[in-house]
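Laboratory data are not the source of any read-out in this text; all were calculated from the coordinates shown. Values in this document were obtained by computation on a predicted structure and should not be read as measured data. Methodologically, a virtual Cβ is constructed for each residue, glycine included, from the backbone with ideal geometry; neighbour enumeration extends over all protein chains shown.
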Amino acid sequence: MTAKRALGVCYYPEHWPQSRWPEDARMMRQAGIRFVRIGEFAWSMLEPEPGQYDLDWLQQIIDILHGEGLEIVLGTPTATPPKWLVDRMPDMLPVGEDGQPRGFGSRRHYCFSHQAYRAECARIVTVLAKKFGAHPAVTAWQTDNEYGCHDTVLSYSGAALLGFREWLAQKYQSPQALNRAWGNRFWSMEYRSFDEIELPNATVTEANPAHRLDFQRYSSDQVVAFNRLQVDIIRKHAPGRTILHNFMGSFTAFDHFAVSKDLDAASWDSYPIGFLDRDVTDPERRHRYLRVGDPDMQAFHHDLYRSCGRGRWWVMEQQPGPVNWAPHNPSPLPGAQRLWAWEAFACGAETVSYFRWRQAPFGQEQMHEALLLPDGSINEAYETVRTLNEELSGIDDSAGSSRATVALAFDYESAWAWSIQPQGQSFSYLGLAKIYYRALRALGVTVDIVPADPEHVKGYALVLVPGLFEMTEDFCRALGQDGQVVLAGPRTGSRTGDFAIPQTLPPGPALQQRLDIKVRRVDTIPPPEFEPVGDAASGFFFSTWREFLSAGDDVVVTERTADGAIAFCHNQAGNWNYLAGQPNAAYALKTIERLCDRAGVPTTHLHQDIRIHDNGPLRYIFNHGPEPVDIAQLVAGKDVLMGSAILSPCGVAICRQQ
């Protein structure tokens, strides 16, 4: 049978002699690669002098790849504008929070707000789209590269200042309305005109949180507009081609859902070991998964970007070996690259593309491994691609990506708000969301990560809304329908859209109509301190964040902290629930298991290294640990298509459930 799922690679032909290109294309085909991404960093090669284009080399490599039956993902080169362009308009550079320009010499050296730079981007994208839009090999396009990487969403430039003032004028219509929304009577911060407003940096102490949140919203909107400009051009000249952008992991500086609305599919760049060393602080967890990555990190982003792409998504860059950019860069265990790819396909990925084809002997990424070594010889990941290609042909993926029964609502504005006002420096909205996600995964529950809006939370048996910045009436009305079980807290509904505490106190009037509670005080707990839930020997506790609630007579309190405060409560029907703190893993597991039972969602206590993903009739099982694990109970009575009842380290099993 023919698998619809595909493998790809990122290729930089401009780095290698043209005499090598046919050999590279032949080796790609032999490995089973279908998609080849090219061009996203090549502006200086495409336009070496202003207005003088050299597209012949790009035409040549596209034709060579096409001759081997390969398909092209053509990247727009706007993440790396050439030096001559920066010299012509030096104010296009992004400006850091310290007020200093961030200069030429690496990449992403532009400000999203700079209108003249946008015009230059439109020009080069138009040239490429007209030239290659109808080429039969160019079946997909990638806009730019990793929007916001290296902290470039927020730019404190002159262009951003002018754009922000105009954005505020459109939103508020009058300075008086803005003053009311921002609460500018506080500290005598009132403005007489929009021209008086500055960017929220270089203040004596922290700037007004409402000011900062609006600047974050404005900056996110600039990313959306910048991307839409390119998408519109590509659609005009390359109709019917898939348009993507490659997002990053653990990155929330702009609204990925908003950007994705203009794309055909989402993609992201997956580096499990790099993220482990950068993002995981638990020493035991880091030690256990040092060479395979956190069992839930990659899957969290698969589920998030599947939602961004409305079911269509890719991994545009998959880690092939040690990378160069993490604090430390271990090599993966044998089989890890294969596990990562299968986990992506289990979550519905159309394509897994490895970064990169050949390790560069020059530049900033010399230590980033690839499918080929710097001398052009085969590396370990090349053999992994060949193995995967053979395996993919034997697994029927006709079910596509099926809907889960549990949803985790994820909201970029909430991430911005709690970054602006964390209250405790160790509090993280993304970290809170991952606690709930880990608990679901540890119980064998497949999850959809969805936008926090009314249309996307309907129809699930259980919806989790931890830390959601604002709870509107429309959103609450969409929740809880037809017996749907909802878990809120902590921090859910604790601000209005203008970054003010609700007049009725958190969690705000909409949620309080369903569950009669008020948050009267919050308590941020510095690590390693914690507050036990139940008695001190229970093993359940809150860390980092906890709340003190008052509750109405019809609220059912099921658990309290050791000092007597409400820990968990729900309404009489049991469908509206609130957790008044950030739970440790054991308490999160207990809470989620109870709610899954109430919602009729089956759970299974998995071995710590085992994760499963159910997709239609297929169950995928992964061993992220260093030892073999007996999974006989998980495959009993099922048609095993791959793997065995003893799953080896980095092992993958696939079975048919129906």
So, in nm, how far is label SER174 from label LYS458 when the simple model puts each one 7 Å beyond its Cα toward the Cβ? 3.7
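Which value, in debye to the nearest 20, gives the size of the charge dipole of segment 264-359 about its Cα centre, when Lys and Arg are +1 and Asp and Glu are -1 at the Cβ?
Working: 11 positive and 12 negative charges, 52 e Å.
Using Cβ point charges on Lys, Arg, Asp and Glu, segment 264-359 gives about 260 debye.
To the nearest 20 debye, what charge dipole does segment 523-619 have about its Cα centre, counting +1 at the Cβ of each Lys and Arg and -1 at the Cβ of each Asp and Glu?
Values: 7 positive and 13 negative charges, 82 e Å.
The dipole of segment 523-619 has a size of about 400 debye.
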For ALA326 and GLU627, what does the FRET efficiency come to when R0 = 25 Å and r is the distance between their Cβ atoms, rounded to the nearest 0.05? 0.50
Got the relative contact order for the chain handy, in percent, Cα pairs under 8 Å and 6 or more residues apart? 11
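For a quick check of your reading of the filter: which chymotrypsin sites (Phe, Trp or Tyr not before Pro) in segment 49-135 sit in a DSSP loop and have no more than 16 other Cβ atoms within 10 Å?
Working: sites: TYR53, TRP57, TRP84, PHE104, TYR110, PHE112, TYR117, PHE132; in loops: TYR53, PHE104, TYR110, PHE112.
Listed in order of number, the matching sites are TYR53, PHE104.
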Just to be sure I understand the model, the point goes 7 Å from the Cα along the line to the Cβ. What's the resulting PHE104 to GLN18 distance in nm? 2.6
Just subtract the alpha-carbon distance of ARG29 and MET45 from 0.36 nm times their residue separation and send over the number in nm, one decimal. 3.2 nm
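Excluding LEU647 itself, what net charge comes from residues whose Cβ is under 12 Å from its Cβ, given Lys and Arg +1 and Asp and Glu -1? Kindly include the intermediate steps, with their values, before the conclusion.
Working: positive: ARG611; negative: ASP609, GLU627, ASP630.
Around LEU647, the charge tally is -2.
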Would you tally the net charge around LEU549, using a Cβ to Cβ cut-off of less than 11 Å, leaving LEU549 out, and scoring K and R as +1, D and E as -1? +3
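May I ask you to derive the FRET efficiency for MET89 and MET367 from their Cβ-Cβ distance with R0 = 45 Å, giving the value to the nearest 0.05? Intermediate results must be reported in sequence, preceding the final value.
Details: r = 34 Å, r/R0 = 0.75.
So the FRET efficiency works out to roughly 0.85.
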Value of [θ]222 nm, deg cm²/dmol, for the chain, DSSP H segments ≥ 4, -39500 (n - 2.57) each, nearest 500: -9500 deg cm²/dmol
Within straight-line cross-link reach of LYS261, lysines at Cα separation under 23 Å, skipping those fewer than 8 residues along the same chain: LYS171, LYS236, LYS458
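I need the Kirkwood Rh of segment 406-599: take the reciprocal of the average 1/r across all distinct C-alpha pairs and report it in angstrom.
Values: mean 1/r = 0.0612 Å⁻¹.
Kirkwood radius, segment 406-599: 16.3 Å.
Based on the Cα coordinates of segment 46-163, what is the per residue volume of their convex hull in Å³? The partial results should precede the final answer.
Working: hull volume 12.9 nm³, N = 118.
Considering the Cα atoms of segment 46-163, their hull volume per residue is 109 Å³.
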Tell me, what is the FRET efficiency for SER250 and GLU529 to the nearest 0.05, using R0 = 25 angstrom and their Cβ-Cβ distance as r? 0.50
Quickly work out the ARG656-to-ASP597 label distance, labels modelled 7 Å from Cα along the C-beta direction, and quote it in nm with one decimal. 3.5
Subtracting the Cα-Cα distance of LYS4 and ALA225 from 0.36 nm times their residue separation yields 76.3 nm
Put one equal scatterer on each alpha carbon of segment 610-656, apply the Debye formula with no solvent term, and list log10 I(q)/I(0) at q = 0.21, 0.29 1/Å to two decimals. -0.59, -1.08
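Label segment 337-458 by shape, choosing from rounded, prolate and oblate, from the square roots a ≥ b ≥ c of the eigenvalues of the Cα gyration tensor; if a/c is under 1.5 it is rounded, and otherwise prolate applies when a/b is larger than b/c, oblate when it is not. Walk me through the numbers on the way to the answer.
Values: a/c = 2.94, a/b = 1.44, b/c = 2.03.
Since a/c reaches 1.5 but b/c is at least a/b, the shape of segment 337-458 is classed as oblate.
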Within segment 151-177, what residues put their amide N at less than 15 Å from the label point 7 Å along the Cα-to-Cβ vector of GLN115? 158-170
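Arranged by the count of other C-beta atoms within 10 angstrom, fewest first, what order do MET248, MET89 take?
In order of increasing Cβ crowding within 10 Å: MET89, MET248.
I want the local charge near PHE251. Using Cβ-Cβ distances under 12 Å, sum +1 for each Lys or Arg and -1 for each Asp or Glu among the other residues.
On the way: positive: ARG278; negative: GLU146, ASP151, ASP255, ASP269, ASP279.
Here the count lands on -4.
Where both residues lie in the chain, what percent of DSSP beta bridges are antiparallel, nearest 5? Write down the numbers at each step before the final one.
On the way: 39 of 82 bridges.
Expressed as a percentage, antiparallel bridges in the chain total about 50.
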Based on other C-beta atoms within 10 Å, arrange SER543, SER155, SER419, SER250 from fewest to most. SER250, SER419, SER543, SER155
Return the whole-Å distance between the Cα centroid of segment 413-479 and the Cα centroid of segment 530-609. 16
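Suppose every K and R has +1 on its Cβ and every D and E has -1 on its Cβ; what is the size of the dipole of the chain about the Cα centre, in Debye to the nearest 20?
Values: 61 positive and 78 negative charges, 156 e Å.
Dipole magnitude for the chain comes out near 740 debye.
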Two decimals is fine: what's Rg over Rh for the chain, C-alpha atoms, Kirkwood radius as Rh? 0.97
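Compare the peptides 358-364, 214-220 by average per-residue count of other Cβ atoms within 10 angstrom and give them in order, highest first. Write out the running numbers ahead of the final one.
Working: 358-364: 14.7, 214-220: 22.6.
With the highest mean Cβ count within 10 Å placed first, the list reads 214-220, 358-364.
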With 10 Å bins from 0: P(r) over segment 28-105, alpha-carbon pairs, percent: 16, 36, 25, 16, 7, 0
Bin width 10 Å, origin at 0, all Cα-Cα pairs of segment 3-65: what percent of pairs per bin? 19, 50, 23, 7, 1
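ALA134 to GLU390: extension gain in nm, 0.36 nm per residue of separation minus the Cα-Cα distance? Please list the in-between numbers first.
Working: separation 256, 0.36 × 256 = 92.16 nm, distance 3.13 nm.
Between ALA134 and GLU390, full extension yields an extra 89.0 nm.
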Using a 10 Å cut-off on Cβ atoms, rank the peptides 221-233, 522-534 from the highest mean neighbour count down. 221-233, 522-534
